[in-house]
1. Can you give the extra length, in nm with one decimal, that the chain gains between Ile356 and Asp147 once fully stretched, where that is 0.36 nm per residue apart less the Cα-Cα distance?
2. Under a Cβ-Cβ cut-off of 15 Å, what is the net charge of the residues other than Arg150 that fall near it, where Lys and Arg count +1 and Asp and Glu count -1?
3. If one computes the Cα centroid of region 302-325 and of region 232-268, what distance in Å separates the two points?
4. When N counts the residues of region 215-274, how does its alpha-carbon radius of gyration compare numerically with 2.2 N^0.38 Å, as a ratio?
5. Just want the ordering: Met345, Met226, from fewest to most Cβ atoms lying within 10 Å of their own Cβ.
6. Over the chain, calculate the relative contact order: mean separation of alpha carbon pairs under 8 Å at least 6 apart, over the residue count, as a percent.
7. Where does each of Tyr461, Tyr148 land when they are ranked from fewest to most other beta-carbon atoms within 10 angstrom?
8. Net charge around Ala286, counting only other residues with Cβ within less than 14 Å of its Cβ (Lys, Arg = +1; Asp, Glu = -1)?
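Derivation of every value follows stated rules applied to the coordinates shown; laboratory data play no part. Here the structure is a predicted model, which is why all the values come from computation and not from measurement. Please note: Cβ atoms are built from the backbone with ideal geometry, for glycine as well, and neighbour counts cover all protein chains shown.
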Amino acid sequence: MAIKLYSHGACREVTGSRHFLDINGRVLQVDCGMFQGRRDESYHKNKEMPFDAAAVEALILTHAHFDHSGALPILVKNGFKGNIHTTSASRDIAQIILLDSAHIQQKDYEIIKGKAAKYPERKLTAYEPLYSAEEAVQPLRHFVTSDYHRPFRPLDGVTAEFFDAGHILGAALTHITLPGGMRVGFSGDLGRPGLPIIRDPEVMPAMDYLVLEGTYGNRLHKTIGMAAGELAEIIHKAQARRSKIIIPAFTIERTQELIYLIHTLQLEGKVPKLPIFIDSPMAVNATAIFKIHPECFDEETIRRFISVNVDPFGFENIRYVVSSAESKEINAFQGPAIIIAASGMAESGRILHHLIQQIENPDNIVAIVGFMAENTLGRRLAERAREVKIFGRSYQVKAEIATLNAFSAHADYAETSAWLKRHDLQRLKKIFLVHGEDAALENLQRELLGIGIPAVEIVEYGAVHELN
Ligand SMILES: [Zn+2]
């Protein structure tokens, strides 16, 4: 039995998750994410897949995030014919993400083509979309769904089982048993205990090898319980000042967590019922998916909401806004309100229009609730820039900036160690670290060796590891 493990992405970086198990010449892939980052570089990394897609027999999708699912249409275009195994919630979320990506790629292409024609001296290259909306739909025809704790056989003689990753709705840790009995685990993205709505990360059966993510391998988060308190504080402030709270938020998971937390605070009588606008068609669709997957909810959500027939995401003071005409009407709204809109890093989307309207009023609050990458408007706000540019015009940042950094969907290094220690580690030979930048992976490596893991290796792009 010859078993090889290698990765073509998420090696010393956090995007492009693509891992492979070669089992006696038969290839099982785990995740097929898109690379993100500098435009030219990531375009080529995404377009030129350095492996034979047609030779991949089956794929396991740990969760629907774009950096894990986004390149599935390219894989199918390149000849992949097998099944894509995932949970039903991940399938439904992946559908939204892939179609959204196709539309964004088309829009970007048109904008950059226009700019390239207008300013030839800038030598801009307009890249054609990597897939159309029609092609984005194709992977959905390959999906075979299994719920948590329902073992399935991705290849003859190979058994796999999903365990809750506690990361986003539908996210799974995957435990794979190979012919001969070797067991390999994949964390996908590891979540954290206490996140609203979803269950905490589960424990997998004993493994010989584990492929583990390390996004926040050098960070310690505040506990999620503090997020509710911080949220309550700014809601009271907005009520007292009769002002607006503007929250740029990712449409999947973070938006629903905010809705859930505000609803819970209201039910507990801890905050006044301010009008809430969820101003994003994609968030409306994503929330509809949450509603049809109560099997992914934690005990608290079941007890507080589902068992008493209360919709966690629907209540009298929340309004979901789809049309752009309705979105514009929010500008005229008088009095205190909470406005949640995309994009999460305030780079595009309706959030920009709300920021333009509200950012120069010192009574208003902009709440930062997510990771803000470098060179984004969200990062400049988080760093308290005094002036920002939106659509080429300058605005004074007079609104209060509140950073609620207890929100994170990834385990920090202490949470990762604590999660690992709950496992039976008797037969564990080695942990392979992926999905993190150098400093994070190196720190996590030290931490894990410190708790007695026998070997911890940082995975290099394309390097082949023989497992025995
Ligand atoms: Zn993720």
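1. Full-extension gain reported as 70.9 nm.
2. Residues close to Arg150 contribute a combined charge of -3.
3. 14 Å
4. For region 215-274, the normalised Cα radius of gyration comes out at 1.26.
5. Least crowded to most crowded, the residues run Met226, Met345.
6. Numbers: 1027 pairs, mean separation 85.8, N = 468.
That works out to 18 percent.
7. Going from least to most buried by this count: Tyr461, Tyr148.
8. Local net charge: -2.
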